[in-house]
Amino acid sequence: MPLSLQIVAAMACGLGVGLYFGPAAAGLGELGRVVIQLIKAAAAPLLFLAIVNAVIRTEVGLRSAARMAAIAVFNASIALAIGLAVSNGLKPGRHLPATAFASAIDAKPPEAKPIEFAKTAAGFVPTSFFQPFVENNIIMLVFLGLLTGFAFRRVRAEQKSKGERSFESLESAAAAGLSVLEAMLRWIIRLVPLAVFGVVAKSSGEFGLAPLKGLGAYVAAGLLGLALQSLVTYQLWLKFYVGMPLRRFWSEARQPVVYAAGANSSLATLPVTLQTLERLGVSRESATLGACVGTNLNNDGIILYEAMAVLFVAQAHGIDLSLGRQFLAALSCMVAAAGIAGVPEAGFVSLSLVLATVGLPLDLLPLLLTVDWIIARGRSIVNVLSDMLTSIILDRWEGRSFQ
């Protein structure tokens with residue numbers, strides 16, 4: 001049975017158990033807490049090894065890489081702005097007050113203090129190799145992963161010049177470590193329906209059907225933001241810069257969009273994406289760079305969703321995030337999405353790290369798991385469209401016409 005159907009079945013069973021047993025079902029909520037703790041335990045080392053492997057294996061010309069990065073950062077910035085604007089404007093978190101639906105809030109709301117950027121930047125440099133893993137701090141993990149990856153490349157180049165090959169065993173070990181952690185995460189994700197059952201049973205047992213209103217607002221806000229990125233941002237690119245007829249683009253993009261919705265993975269959709277780009281007349285070089293190499297950067301769906309979700313969690317806890325903390329959250333979303341692309345349920349896994357970095361409680365995450373499979377399809381669709389658009393813009397930047 002597909003995971004989405006398992007989650008639906010778990011929600012139905014949890015709802016029935018909660019309504020039947022009432023407050024006596026509250027203890028089942030601990031199932032969700034256990035699953036979130038397991039995800040957190042696997043997420044930090046997985047993010048680190050994903051970055052190390054990406055740096056080791058990616059060979060791109062500096063000029064082409066700079067262009068791709070500029071496009072990706074520009075689109076990601078728009079996605080962040082849309083995600084924050086949707087949450088700030090609609091305030092969906094107010095429909096799911098955490099004080100009502102969470103058993104206990106252990107973490108105190110962070111105090112609104114002015115951010116000293118120099119001091120804050122210095123605080124993101126780890127004092128030990130293990131500190132980022134213990135604290136689940138994304139920016140520290142990215143810094144450490146980049147440092148390790150580029151150091152490995154330097155050693156590899158020196159050993160190749162001397163005819164040595166000992167670096168190959170380290171390269172294989174890093175790739176194997178990433179595969180092991182991905183396998184672990186897949187096993188943990190199989191426990192998600194159990195967590196959903198427990199959380200829904202607890203919530204419905206204590207509060208009846210009231211939480212459904214808040215979850216509906218959460219899903220609506222997420223899908224609205226993703227639709228704006230796809231139907232406004234990307235279409236403006238196509239119409240005013242690329243010059244490609246919108247009818248032509250969407251008639252070809254329909255196949256990868258449908259496939260991404262079914263597979264729930266932009267990485268699994270990559271072969272279909274490349275075939276579609278070929279039919280659109282995009283050069284092989286731009287398609288490979290934008291959709292294959294750039295897959296770690298073109299994650300507008302994950303970035304937008306996390307920006308929206310972070311403010312949703314803050315609103316649910318009655319925490320008013322300052323502009324400085326929203327900027328930190330936006331930066332964390334961007335680097336987390338770039339580092340953890342391609343892993344199972346990447347958006348939800350990295351959201352736990354973003355919340356930890358910003359200092360927000362994680363107690364609502366199990367409840368959000370109940371509807372994440374819906375938003376996850378939207379994230380995957382936007383990520384696939386982002387891959388396609390980046391490839392098309394790169395080709396247009398080289399002077400190719402799509403009239």
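The values are calculated or read from the model by the stated rules, or taken from the named source; none is laboratory data. No experiment lies behind these values; they were computed from the predicted model shown. Positions of Cβ are generated from backbone atoms using ideal geometry, with glycine treated the same way; all protein chains shown enter the neighbour counts.
General remarks:
- Residue ID - modelled with the lowest pLDDT, chosen from residues in the stretch 117-133 that are farther than 13 Å from Leu47 by Cα and not in a loop (DSSP other than H, G, I, E, B): Phe117
- Out of Ser350, Ser380, sole residue that is of a type in the set (S, T, N, Q), buried (at least 24 other Cβ atoms within 10 Å of the Cβ) and in contact with an Asp or Glu (Cβ under 7 Å, 6 or more places away or on another chain): Ser350
- The number of residues in the stretch 42-86 being under 17 Å from the mean Cα position of the chain (by Cα) and either farther than 17 Å from Ala291 by Cα or β-branched (Val, Ile, Thr) (or both) comes to 19.
- Just one of the listed residues (Gly32, Gly22, Gly93) is modelled with pLDDT of 85 or more and either under 24 Å from Val313 (Cα atoms) or not hydroxyl-bearing (Ser, Thr, Tyr) (or both), and it is Gly93.
- Pro45 being in contact (Cβ under 8 Å) with a residue 40 or more places away in the chain, touching an Asp or Glu at 6+ places or on another chain (Cβ under 6 Å) and assigned to a helix (DSSP H, G or I): no
- Qualifying residues in the stretch 56-82 (those that are at pLDDT below 75 and of a type in the set (A, V, I, L, M)) - the one surrounded by the fewest Cβ atoms within 10 Å (Cβ to Cβ): Leu62
- Where a residue in the stretch 148-174 is part of a helix (DSSP H, G or I) and its partner, wherever it lies, is loosely packed, with under 13 Cβ neighbours inside 10 Å and polar (S, T, N, Q), with Cβ under 7 Å and at least six apart: Gln159/Ser166
- Residue match in the stretch 16-32 (condition: of a type in the set (Phe, Trp, Tyr), closer than 28 Å to Ala337 by Cβ and part of a helix (DSSP H, G or I)): no
- Going through (1) buried (at least 24 other Cβ atoms within 10 Å of the Cβ); (2) over 20 Å from Arg67 (Cβ atoms); (3) modelled with pLDDT of 85 or more one by one, Asp300 falls short only on (2).
- If you filter the stretch 150-178 down to residues that are out of contact with any helix residue (DSSP H, G or I) (no Cβ under 9 Å at 6 or more places or on another chain) and among the hydroxyl-bearing types (Ser, Thr, Tyr), you find that the one that is nearest to Val55 (Cα to Cα) is Ser172.
- Breaking point among (1) at pLDDT 80 or above; (2) aliphatic (A, V, I, L, M); (3) buried (at least 24 other Cβ atoms within 10 Å of the Cβ); (4) over 30 Å from Gly281 (Cβ atoms), for Ile319: (3)
- Selection from the stretch 360-403 of residues that are among the aromatic types (Phe, Trp, Tyr) and within 21 Å of Gly301 (Cβ to Cβ): Trp373
- Members of the stretch 243-292 that are among the aliphatic types (A, V, I, L, M), at pLDDT below 90 and in a helix (DSSP H, G or I): Val257, Val258, Ala260, Ala261, Ala263, Leu270, Val272, Leu274, Ala287, Leu289, Ala291
- Which numbered condition Thr233 fails, given (1) under 20 Å from the mean Cα position of the chain (by Cα); (2) crowded, with 20+ Cβ neighbours inside 10 Å; (3) within 30 Å of Pro2 (Cα to Cα): (3)
- Complete set of residues in the stretch 200-210 that are part of a helix (DSSP H, G or I) and modelled with pLDDT of 70 or more: Val200, Ala201, Lys202, Ser203, Ser204, Gly205, Glu206
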